[in-house]
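These notes are about the structure you will find just below.
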Amino acid sequence: MTKITPLLTDPAAHGGKAEDAFDVIVPSLPGYGFSDRPLKQGIGPKKIAALWARLMQELGYKRFGAQGGDWGSAISIALGLDHAENLIGIHLNYIAGRFLLGGTLNQAPEDEIENAYLEQLRAWWETEGGYSHEQGTKPQTLSYGLNDSPIGLAAWIIEKFRTWSDCGGDVESVFSRDELLTNVMIYWLTETVHSSARLYYESRLQPLSLSRDNYVAPPVAFAAFPREIPLPPRQLAERGLNIIRWTEMPRGGHFAAMEQPELLAKDLREFFRAFR
């Protein structure tokens, strides 16, 4: 978030309008980086969302906007489900498809929209989902090896930057070596590869599920980056989210705030401008 934060807090210094400035709160997920490590089970997206809602109240923000990709998306969606009264709006650049498919990829689809997307998602999980299955079922076993080998940890993390970004196979054309190594070193020096991987395990035990009966009511904007990992079509996403804005981005991938901060900041400004 270090690239996008100045664009949001001081837009006038970066080609934007001063009246579009945000107060930006960037909390670090429990178990990640320099945050405390959970000492008991149950710290999944819904629990973290409750922590974020409490944090914002304690900072003096009775109502606020939320933005997220990857786990930030899951937590922002959980905020919309459980703390809707506090949310001005939600901006996402990722939606996990299983949220809209009953939390699993094994059920029979209800219609052609679900069927087409489910086929795409299953194909992706078959070739790219090994990391998630391992972290979601055996995070402790995996973490002994990653916590013992800096090369192993770097490979585990940087492979995702290469595969999930809009880099054409050349990861250093999008991210500098310093950026990549800083990301790895935050896990290495704090020894948080295990506590961070456990979030996958916790989410497997308590999956989020979206539907017309379990609906995110606050207004939602979505920024669709072309090299993002599989995303549900808008028609499916709208069954669980009150989507009022959907932007097709010209470039970028999964790590949008780090990869295309200007595009993401512009979309955030335009969405929240209507709610000021």
With a Förster radius of 30 Å, plug the Cβ-Cβ distance of residue 191 and residue 24 into 1/(1 + (r/R0)^6) and report the FRET value to the nearest 0.05. 0.60
Using the structure shown, list the pairs from 47/138; 3/46; 3/160 with a Cα-Cα distance above 24 Å, or answer none. 3/46
What residues qualify as long-range amide H neighbours of residue 67, i.e. H under 5 Å apart, gap of 5 or more or another chain, H built at 1.01 Å from N? 91
Output the direction-averaged projected area (hull surface divided by four) of the convex hull of the alpha-carbon atoms of the range 174-276, in nm². 8.8 nm²
In the full protein assembly as shown, how much of residue 164 is accessible to a 1.4 Å probe, in Å² to the nearest 10? 10 Å²
Under 18 Å Cα-Cα from residue 17, which aspartates and glutamates qualify once same-chain neighbours fewer than 8 residues away are excluded? 262, 267, 270
Which value, in Å² and to the nearest 10, is the accessible area of residue 9 when all protein chains are kept and the probe is 1.4 Å? 60 Å²
Estimated distance in nm for a label pair at residue 12 and residue 273, the labels positioned 7 Å out from Cα along Cα-to-Cβ: 1.7 nm
Averaged per residue, the 1.4 Å probe accessible area of the chain, protein heavy atoms only, in Å², is roughly 50 Å²
Counting only Cα, what are the radius of gyration and maximum Cα-Cα distance Dmax of the range 160-220, in Å? 17.2, 46
For the range 225-276, convex hull volume per residue from C-alpha positions, Å³: 88 Å³
Quantify, in whole percent, the carbon and sulfur part of the accessible surface of the range 152-209 (1.4 Å probe; protein heavy atoms only). 53 percent
Not counting ligands, DNA or RNA, and with a 1.4 Å probe, what is residue 185's accessible surface area in Å² rounded to the nearest 10? 80 Å²
Using a cut-off of 11 Å between beta-carbons, work out the net charge of the residues near residue 234 (Lys and Arg +1, Asp and Glu -1, residue 234 not included). 0
Among residues other than residue 215 whose Cβ falls under 14 Å from its Cβ, what is the net charge (Lys/Arg +1, Asp/Glu -1)? -1
Rounded, prolate or oblate for the range 119-231? Axes are the square roots of the Cα gyration tensor eigenvalues, ordered a ≥ b ≥ c, and the cut-off for rounded is a/c under 1.5. oblate
Tally Lys/Arg at +1 and Asp/Glu at -1 over every other residue whose Cβ is under 9 Å from the Cβ of residue 93; what's the total? -3
If I compute log10 I(q)/I(0) by the Debye sum over Cα atoms at q = 0.07, 0.09, 0.15 Å⁻¹ from the structure I just sent, which labelled value in (i) -0.41, -0.61, -1.05; (ii) -0.25, -0.41, -1.29; (iii) -0.44, -0.68, -1.11 lines up? (ii)
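The values are calculated or read from the model by the stated rules, or taken from the named source; none is laboratory data. Owing to the predicted nature of the structure, the values given are computational and were not obtained by experimental measurement. Cβ atoms come from the backbone with ideal geometry, glycine included; neighbour counts cover every protein chain shown. What goes into the accessible areas is simple: the full protein's heavy atoms, side chains included, and nothing from ligands, DNA or RNA. Shrake-Rupley method; radii C 1.70, N 1.55, O 1.52, S 1.80 Å.
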